[in-house]
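Colleague: Let me begin by handing over the structure; questions about it come next.
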Amino acid sequence: MGTLNAALWIAAHALDVDQGALNVTSNNIANASTPGYSREVVNLTEQTPIQSGNLTFGTGVDLKNVQSVRDQILTILIAQQSTQQSGAQTQLNAMQQVQGLFSDPTSGIGASLTAFFNSINQLSTNPTDTAQRQAVITAAQNLVGSFNQTAQTLSQVQSSLNQSVANSVDQINSLTKQIAKLNAKVGQMQQLGEDPGSFLDQENQLINQLSQLTNITEIKTEHGLTLTTGDGTALVVGNQSFDLSVGNGANGMQDVFAQGQDITSTIHGGSLGGTIQVRDTNIPAILSQLNTLAGDFATSFNAAQAMGFDLNGNQGQPLFTFSAGTEAASISLATTDPDAIAASSDGAPGSNGNIVNLLAVQSQPLASGQTPTDTYANIVSTAGNMASQAQADLTASTASLNQLNDRLGSISGVSINEETANLLVYQNAFTAAARVFTTIDQLTQTLLTMGSGA
């Protein structure tokens, strides 16, 4: 039945419950600006009432549990978009370096090609002039230098990206170890029926960092969280993590291995996927076009040389030389003798008849089917399109990621206004429970006094 002792117990328990609710609210307010924090809510339930005859008496309130507010689907979508954003950002950063090699029309291979043919055109006015011939040689040296420098810079960017692969793998291994440890703690708390809020927040933050490095898949199993790469290679299973490693691949670059298997081709997205994309696909494609241009141009110009005669009346010899497969990097002058320019069409020193053939190399299709200028323009366009695509992907993924984060923030984020209102509610409830406790204590003292006076 309802007694003063029962009422006193209800009030005392209400004080504990309200204090717990105040603690949760205070914790939410304290972490309002903490990245990755999911607000907590208290679940209050009415305690089981008791019956006394025809009467039913309540037994107070109980704090059933404290639960973090989460949306697992949004969390997974955010990780996926983080992968896309990070991959696009990495590609854009690298391709902007590459694009810079071709973006200035006043320098580089395009400008050097124009200057080279302009020097030959000038030579046609006085084919015996040593200064004019030397100008052609100098322009040719500048041209091969432009080819060499561009190829070297592309290789340097590729080498830098290659080094970052190992760094990314080290970061992945570090994160998966931390996630596995947290996964164990989360599992233990869940088995005890407790909310592993802070551990889940830390784990989600680490998973988000991991997704920025490579594409991952999250799977919930009876053993806890399982993380795999895009092709299903295990990274974390419960409280166990599996390291990735790097080793030399068939192309001489650092490939990524999982338990002895090369998984490089299956890695997409994230900074690691973006790095591999530019290193193994974008730069080789541009280098291939550049090598084709260097090799075809040198071959065509050497053929035009062979159609004429040099200043000494000898049949024209190759002006350029190169090694197959590394044409842009290896192209060089076969001779630096100004007399070697085959301007003459009949062997006479003053003849300029073969200059027509030399100049025709600029406007006639190379073996690849396009003129040198058009071929180079295609290379510029390829680099620009790759950078533009990366920029477009980055813009789209960033917009989507911001939208998802806003949605998650509206669900899991802390609202100061809401928490302040909760603070007042629990504060008033605590004060009221304390007043009940004091009142009952006074009544009890009065009864004891009455009993003593009798």
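The values are calculated or read from the model by the stated rules, or taken from the named source; none is laboratory data. This is a predicted model, so every value here is computed, not measured. All Cβ positions, even for glycine, are placed from backbone atoms using ideal geometry, and neighbour counts span all protein chains on display.
Colleague: For the stretch 398-414, give me each residue that is surrounded by 15 or more Cβ atoms within 10 Å (Cβ to Cβ) and small (Gly, Ala, Ser).
Modeller: Matches in the stretch 398-414: Ser400, Ser412, Gly413.
Colleague: Residue by residue through the stretch 199-232, note down the ones that are farther than 23 Å from Leu401 by Cα, at pLDDT 85 or above and either in contact with an Asp or Glu (Cβ under 6 Å, 6 or more places away or on another chain) or surrounded by fewer than 19 Cβ atoms within 10 Å (Cβ to Cβ) (or both).
Modeller: Thr226, Gly232, listed by residue number.
Colleague: If Ser146 satisfies every condition in (1) crowded, with 22+ Cβ neighbours inside 10 Å; (2) under 30 Å from Ala396 (Cα atoms); (3) of a type in the set (Ser, Thr, Tyr) but one, which is the exception?
Modeller: The single condition Ser146 does not satisfy is (2).
Colleague: Based on this model, can you work out whether Arg435 counts as at pLDDT below 90, of a type in the set (Lys, Arg) and either more than 23 Å from Thr75 (Cα to Cα) or not assigned by TED's automatic domain parsing to the domain that holds Asp201 (or both)? So that I can check it myself, show each step before the final result.
Modeller: Working: at pLDDT below 90: yes; of a type in the set (Lys, Arg): yes; either more than 23 Å from Thr75 (Cα to Cα) or not assigned by TED's automatic domain parsing to the domain that holds Asp201 (or both): yes.
In short, yes.
Colleague: In the stretch 421-442, what residues are out of contact with any helix residue (DSSP H, G or I) (no Cβ under 6 Å at 6 or more places or on another chain), in contact (Cβ under 8 Å) with a residue 40 or more places away in the chain and among the polar types (S, T, N, Q)?
Modeller: Within the stretch 421-442, Gln427 is the sole residue that qualifies.
Colleague: Here's another thing I want to ask about it. Inspect all residues belonging to the stretch 414-424 and state whether any of them is modelled with pLDDT under 90, assigned to a helix (DSSP H, G or I) and among the aliphatic types (A, V, I, L, M).
Modeller: For the stretch 414-424, residues modelled with pLDDT under 90, assigned to a helix (DSSP H, G or I) and among the aliphatic types (A, V, I, L, M): present.
Colleague: When you scan the stretch 267-338 for helices (runs of 4 or more DSSP H) that lie fully inside it, which ones turn up with 3 or more residues that are surrounded by 22 or more Cβ atoms within 10 Å (Cβ to Cβ)?
Modeller: Details: elements: 270-277, 283-306, 327-330.
Qualifying helices (runs of 4 or more DSSP H): 270-277, 283-306.
Colleague: Separate question: Out of the residues in the stretch 339-350 meeting the condition of being surrounded by fewer than 19 Cβ atoms within 10 Å (Cβ to Cβ) and touching a residue at least 40 places away in the same chain (Cβ under 8 Å), tell me which one is nearest to Ala135 (Cα to Cα). Can you show your working first?
Modeller: So in the stretch 339-350, the residues surrounded by fewer than 19 Cβ atoms within 10 Å (Cβ to Cβ) come out as 339, 345-350.
Subsequent filtering for residues that are touching a residue at least 40 places away in the same chain (Cβ under 8 Å) retains 339, 349-350.
Values: Asp339: 12, Pro349: 18, Gly350: 17 Å.
Filtering the stretch 339-350 for residues that are surrounded by fewer than 19 Cβ atoms within 10 Å (Cβ to Cβ) and touching a residue at least 40 places away in the same chain (Cβ under 8 Å), the one nearest to Ala135 (Cα to Cα) comes out as Asp339.
Colleague: Let me ask another. With the checklist (1) touching a helix residue (DSSP H, G or I) at 6+ places or on another chain (Cβ under 9 Å); (2) assigned to a helix (DSSP H, G or I) in hand, flag the one item Gln141 doesn't pass.
Modeller: It is condition (1) that Gln141 fails.
Colleague: Looking at the stretch 299-315, which of its residues are in contact with an Asp or Glu (Cβ under 7 Å, 6 or more places away or on another chain) and under 20 Å from Ala139 (Cβ atoms)?
Modeller: If the condition is that a residue be in contact with an Asp or Glu (Cβ under 7 Å, 6 or more places away or on another chain) and under 20 Å from Ala139 (Cβ atoms), then Asp310, Leu311 are the ones that fit.
Colleague: Given the criterion loosely packed, with under 12 Cβ neighbours inside 10 Å and more than 17 Å from the chain's Cα centre (by Cα), identify the matching residue among Asn428, Asn422, Asn385.
Modeller: Numbers: Asn422 fails: loosely packed, with under 12 Cβ neighbours inside 10 Å; Asn385 fails: loosely packed, with under 12 Cβ neighbours inside 10 Å.
The conditions single out Asn428.
Colleague: Within the stretch 15-32, track down each residue that is within 30 Å of Ser82 (Cα to Cα) and in a helix (DSSP H, G or I). Can you show your working first?
Modeller: Filtering the stretch 15-32 for residues within 30 Å of Ser82 (Cα to Cα) gives 27-32.
The answer is Asn27, Asn28, Ile29, Ala30.
Colleague: Here is a further query. Of all strands (runs of 3 or more DSSP E) completely enclosed by the stretch 33-97, which ones contain at least 3 residues that are among the polar types (S, T, N, Q)? So that I can check it myself, show each step before the final result.
Modeller: On the way: elements: 40-46, 50-52, 55-57, 61-68.
Hits in the stretch 33-97: 61-68.
Colleague: More than 30 Å from Gln81 (Cβ to Cβ) and aliphatic (A, V, I, L, M): does that describe Ala383? Break it down into steps so the answer makes sense when it comes.
Modeller: Details: more than 30 Å from Gln81 (Cβ to Cβ): no; aliphatic (A, V, I, L, M): yes.
In short, no.
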